[in-house]
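See structure below.
The values are calculated or read from the model by the stated rules, or taken from the named source; none is laboratory data. Here the structure is a predicted model, which is why all the values come from computation and not from measurement. With ideal geometry, Cβ positions are generated from the backbone for all residues, glycine too; neighbour counts draw on all protein chains shown. Please note that ligands, DNA and RNA were not included when accessible areas were found on the heavy atoms of the full protein model with its side chains. Shrake-Rupley method; radii C 1.70, N 1.55, O 1.52, S 1.80 Å.
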Amino acid sequence: MELINIFFKSVFVDNLALAFFLGMCSFIAVSKNMQTARGLGLAVILVLLVTLPLNWVLDRYVLAPGALKWISPALAGVDLSFLTFIVFVAVIAAVTQVVEMVVERFVPSLHLSLGIFLPLIAVNCAILGASLFMQERAYTGLGEVLAYALGSGLGWFLAIVSLAAIRERLRYSDIPKGLRGLGITFIVVGLMGLAFMGFMGIKF
Amino acid sequence: MNFKETIRKSVLGSNPVTVLVLGICSALAVTVHMKEALIMGLAVTLVSALSNLVISLMRKTIPSRIRIIVELLVISFFVILADQLLKAYAYPESKTLSVYVGLIITNCIIMGRLESCALSHKPAEALADGFLNGIGYALVLIVVAFFREFFGCGTLFGVQIIPQGWYFANGGFYENNGLFILPPMALILIGCIVWLQRTFDKDLQE
């Protein structure tokens, strides 16, 4: 039950894109049409599913205060948490690289559609943001972390696909010249964010 | 190119937020109050200027295949520095900024400047470029935070601007607009800034 709760909460209430506005740069740059939006969304889900559990294990057994106790009790006082950023970023960069190679080797069709987006994800703040939120919220088991990873990935996917759909429609509407393109996109995302706030306070 | 022209160009003409659409995530999250916006702007300026300088110094020795990882490590180094400084001297603010200080690492302004400037320019130019782009970013943050704090809380830098007697609770006619506190409002404000800028600068129109 707890897992389902975390899953739905991270899809709707704590949506990475529309509640925390993470990964906005690629969110806005890559949502011009449906197909690329779908590709990037899938890539985000994939990378989140791999990096979050990895980062969680690292945080739990290496970085957190007293986490090194399992090696020897003498290390119980060691606190490596100041290394969090650098370790998480290194993991994310490495995993994106590995995921790209694996996908290229075993699922070439997926690689064709994800193409350039996989490397881009290394600097997508949704991934690092999710890792840092995971650390802040102190999930207690790998199951919870997986539910959170899947939920936030799907939430991001949902958000970028809906924005792409709206932008495809926007092309046929008559917008003031200066507002065309970037300006209206910002405002649309703002309105979507307002709509998503409706989910706040819902307890699953 | 003379100095004034460079400033005008990187702060306005190719402003990282409103023209290049970089570094938006943090621009939205930390603009509820001007104080946090200012701190964030300064932190990004610092990280961007220094990492630009360091990468530019190393540009001839970095193999191009692993440059992204090297860049990320240099940026993380400076972000850790900024984070520890904030924790030491501005603890309450560093708590409110929470994960967004860490997210400077993936702030694409910095990556973007490293890729397009630091790898191909001399250290002094790279330092100036990183600094100016940071300022351009800070400027947008502060403008957005001004409107959000003024209309949302009636304060600026935490100082009450709107007289207390005006408030409905004190028998007046005024009420703070809660909408401005919400993050989506930052997007709408940036949208309006983009609109304004593009109305005057016809070259940017799509």
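Residues of the range A:78-92 buried by at least 40 Å² of accessible area upon assembly of all protein chains, compared with the chain on its own (1.4 Å probe): A:PHE82, A:PHE85, A:ILE86, A:VAL89. From the cross-link list A:LYS69/B:LYS87; B:LYS4/B:LYS122; A:LYS32/B:LYS202; B:LYS4/B:LYS202; A:LYS9/B:LYS95; A:LYS177/B:LYS122, which pairs have alpha carbons spaced over 29 Å apart? Over 29 Å Cα-Cα: A:LYS177/B:LYS122.
Phi-derived couplings, Karplus 6.51 cos²θ - 1.76 cosθ + 1.60 at θ = phi - 60°, listed residue by residue for the range A:69-80: 4, 5, 7, 7, x, 5, 8, 4, x, 7, 10, 9 Hz, with x used for Gly and Pro.
Between B:ASN176 and A:MET1, the modelled label-to-label distance comes to 3.8 nm, taking each label 7 Å out from Cα in the direction of the beta carbon. The interface between chain A and chain B buries about 3400 Å² of solvent-accessible area in total (1.4 Å probe, ligands and nucleic acids excluded).
What do you get for the angle between helix B:123-153 and the principal long axis of chain B? Use alpha-carbon atoms, 0 to 90 degrees, nearest ten. Orientation of helix B:123-153: about 10 degrees from the principal axis. The listed residues A:TRP56, B:TRP195, A:TRP156, once ranked by accessible area (1.4 Å probe) with the largest placed first, stand as B:TRP195, A:TRP56, A:TRP156.
Across all directions, the average projected area of the convex hull around the alpha carbons of the range B:77-186 is 8.8 nm².
Scalar couplings 3J(HN,Hα) for the range A:157-173, obtained by applying the Karplus form with A = 6.51, B = -1.76, C = 1.60 to θ = phi - 60°, are 4, 4, 5, 6, 5, 5, 5, 4, 4, 5, 5, 5, 6, 4, 4, 9, 9 Hz; x denotes Gly and Pro. Rolling a 1.4 Å probe over the protein heavy atoms leaves B:ASP201 with an accessible area of roughly 50 Å².
For the range B:3-147, the Kirkwood hydrodynamic radius comes to 15.1 Å, computed from all pairs of different C-alpha atoms.
For the range A:127-197, the set of GluC sites (Glu not before Pro) satisfying both a DSSP loop assignment and a count of at most 11 other C-beta atoms within 10 Å is empty.
The Rg/Rh ratio for the protein assembly as shown is 0.97, where Rg is the radius of gyration of the alpha carbons and Rh is the Kirkwood radius.
On the beta carbon distance between A:HIS111 and B:VAL159, with R0 = 51 Å, the FRET formula returns roughly 0.35. Between the amide H of B:LEU156 and those of B:ILE161, distances stay under 5 Å, these residues lying 5 or more places away or on another chain, with hydrogens modeled in the peptide plane.
Compared with the dominant Cα axis of chain A, that is its longest principal axis, helix A:125-137 is turned about 50°.
For the range B:49-129, the C-alpha radius of gyration divided by 2.2 N^0.38 Å, with N the number of residues, is 1.16.
Remark: the range A:33-48, residue by residue, has Karplus-estimated 3J(HN,Hα) of 9, 4, 5, 5, 4, 4, x, 5, x, 4, 4, 5, 4, 4, 5, 4 Hz, where x stands for each Gly or Pro and the curve is 6.51 cos²θ - 1.76 cosθ + 1.60 at θ = phi - 60°.
Taking every residue in A:173-183 and counting other chain Cβ atoms within 10 Å of its Cβ, the average works out to 6.
In plain terms, the C-alpha convex hull of the range A:2-201 casts an average shadow of 13.1 nm² when viewed from every direction. Carbon-plus-sulfur accessible fraction, the range B:41-131 (probe radius 1.4 Å, protein heavy atoms only): 69%. Per residue, chain A exposes 45 Å² of accessible surface when a 1.4 Å probe is rolled over the protein heavy atoms with every protein chain present. Taking all protein chains as shown and a probe of 1.4 angstrom, B:HIS121 keeps an accessible surface of around 60 Å².
The residues neighbouring B:ILE62, those whose beta-carbon lies less than 12 Å from its own, together hold a net charge of +2 under the Lys/Arg +1, Asp/Glu -1 convention.
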